[in-house]
Structures are given as structure tokens and as C-alpha cells.
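Here the structure comes first, spelled out in C-alpha cells, and everything after it is commentary.
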Amino acid sequence: TQLLEQSPQFLSIQEGENLTVYCNSSSVFSSLQWYRQEPGEGPVLLVTVVTGGEVKKLKRLTFQFGDARKDSSLHITAAQPGDTGLYLCAGGSQGNLIFGKGTKLSVKP
Amino acid sequence: GAGVSQSPRYKVAKRGQDVALRCDPISGHVSLFWYQQALGQGPEFLTYFQNEAQLDKSGLPSDRFFAERPEGSVSTLKIQRTQQEDSAVYLCASSIHYGKQETQYFGPGTRLLVL
């Protein structure tokens with residue numbers, strides 16, 4: 001069974017701080033995706049990483065896929081209140097997605 | 001509509017009642033997925049359709065759960081004789097095709113509360 005573990009589970013920071021959240025597995029994934037989910041809404045895709053060691057940047061967000069394709073990280077620089085939400089990583093060897101439990105981020109002004 | 005829509009957005013059911021949850025995917029999307037998201041958890045896969053064919057129902061938790069997509073567009077997830085443990089948000093997602101790198105677009109979910 002493929003499992004994705006995310007850490008930390010909760011993170012509360014002040015506006016302007018940097019943060020990193022992690023997504024780890026004992027299994028190899030052909031790709032990993034990061035989603036952001038706001039209360040009352042469905043997850044929205046942020047990025048897909050495919051190649052081991054790949055780094056992708058999306059404005060203040062930096063995503064990295066581990067060399068062995070078993071782990072990934074999301075780094076946010078100078079967090080803003082608008083970054084508040086549930087960050088989910090998801091992977092799958094087929095089309096169905098396996099999600100982690102998420103990191104609930106709160107950025108206070 | 002431009003995105004995936006789901007109805008109702010909220011549903012309160014008494015234990016033992018049957019419920020039906022509707023998903024309208026993005027027009028033209030071949031693949032449709034149902035996920036269950038319990039409070040404080042990530043979504044868990046329930047079932048998958050390619051057009052009208054249900055190709056994977058391995059995630060359905062019991063035979064009380066049934067899904068259909070008869071014309072390859074709108075899908076309905078039915079839960080019979082609801083139990084309290086069925087309380088969760090039910091998410092529907094669609095994608096143009098089926099594949100490990102295909103983007104899945106999620107609807108807002110139906111929040112089901114079983115009393």
C-alpha cells in the first residue's frame with residue numbers, strides 16, 4: 001500500500017516568515033502533485049513534479065521532488081495571509097490519486 | 001459552467017436514510033473520480049469512470065455505496081442506509097483523459113452529515 005505522510009500537520013506563522021512542508025513516502029511515485037484547499041472548496045492543483053531532483057517555482061512557492069522520487073517539499077517565502085489553507089500532496093502510479101493528510105497552514109497578519 | 005459542480009452542497013440525513021449526490025463534470029472530460037474526505041484528512045479515492053464505464057470501484061467502503069454515470073457525463077453517488085461513519089465531504093473530480101499526469105479538476109464537494 002502506498003502511503004504519503006505530510007509534516008507538520010499544523011503550522012501557524014506570522015506574515016513575512018518562510019516555511020517548508022514535507023511529503024514523504026516509502027514508495028516510489030512516478031509523479032507527485034501539490035494541491036491547496038480552502039474551507040468549503042475542493043483542492044486546486046498547484047504543481048506536478050515528475051523527474052527526480054526536479055525543482056519548480058511558482059511565484060513565492062518552490063517545489064522539489066526528491067532524487068529517489070519518494071519525497072517532496074514545498075517552501076514558501078515571505079508567507080502572506082492569502083497563503084492560508086490546507087496543503088495536500090498526492091501521488092499515484094496510475095490515474096487515481098493517493099493523498100496525504102495535509103498540512104494546515106495559518107498565516108497571521 | 002466552467003468548472004465541476006456538485007449538488008447538494010450540504011446534506012443532513014438521518015441514520016438509515018438513502019442519499020444521492022450529484023456531480024456535473026467539465027464538459028468533454030472523459031474521466032470522473034469520486035473521493036471521500038473525512039474531517040482533518042486528505043481525500044481518499046472511491047471510484048473512477050471512463051465515459052460511462054466504471055473501471056475501478058476498489059475504494060468504495062461497502063456495498064451500501066453505489067455510483068453511476070449512465071451517459072458518460074453527469075454522475076451520481078448513492079449511499080444506502082447511511083451510517084454515522086459516512087459523514088464526510090464527498091468530492092468529485094474530472095480530467096480530460098486518464099493518466100498519472102493528467103490534471104484533475106475538483107468540485108466544491110458535498111458535505112454529508114448523518115445524524
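Structure values in brief
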| item | result |
| --- | --- |
| Top-ranked residue of segment A:21-43 - restricted to ones that are outside any strand (DSSP E or B), among the polar types (S, T, N, Q) and surrounded by 13 or more Cβ atoms within 10 Å (Cβ to Cβ), ranked as modelled with the highest pLDDT | A:25 |
| Among (1) within 23 Å of residue A:98 (Cα to Cα); (2) surrounded by fewer than 18 Cβ atoms within 10 Å (Cβ to Cβ); (3) within 13 Å of chain A (Cβ to nearest Cβ) - the single one residue B:10 does not satisfy | (1) |
| Qualifying residues in segment A:91-109 (those that are in contact (Cβ under 8 Å) with a residue 60 or more places away in the chain and part of a loop (DSSP other than H, G, I, E, B)) - the one farthest from the other protein chains (Cβ to nearest Cβ) | A:109 |
| Residue match in segment B:50-59 (condition: buried (at least 16 other Cβ atoms within 10 Å of the Cβ) and within 24 Å of residue A:36 (Cα to Cα)) | yes |
| Conditions (1) surrounded by 13 or more Cβ atoms within 10 Å (Cβ to Cβ); (2) under 26 Å from residue B:34 (Cα atoms): number failed by residue A:2 | (1) |
| Residue match in segment B:50-59 (condition: under 22 Å from residue B:114 (Cα atoms) and at pLDDT below 95) | yes |
| Filter result for the condition that a residue is assigned to a strand (DSSP E or B), among the aliphatic types (A, V, I, L, M) and surrounded by fewer than 18 Cβ atoms within 10 Å (Cβ to Cβ), over A:46, A:74, A:88 | A:46 |
| Qualifying positions in segment A:47-58 - more than 11 Å from every other protein chain (Cβ to nearest Cβ) and under 26 Å from residue B:91 (Cβ atoms) | A:56, A:58 |
| Residue within segment B:33-46 that is of a type outside the set (Lys, Arg), touching a Ser or Thr at 6+ places or on another chain (Cβ under 9 Å), more than 13 Å from every other protein chain (Cβ to nearest Cβ) and surrounded by 17 or more Cβ atoms within 10 Å (Cβ to Cβ) present | no |
| Matching residues, segment A:49-71, being in a strand (DSSP E or B) and surrounded by 20 or more Cβ atoms within 10 Å (Cβ to Cβ) | A:49, A:63, A:65 |
| Residue check, residue A:101 farther than 26 Å from residue B:92 by Cβ and surrounded by fewer than 21 Cβ atoms within 10 Å (Cβ to Cβ) | no |
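The values are calculated or read from the model by the stated rules, or taken from the named source; none is laboratory data. Nothing here was measured: the structure is a model prediction, and the numbers come from that model. All Cβ positions, glycine included, derive from the backbone under ideal geometry; neighbour counts span all protein chains shown.
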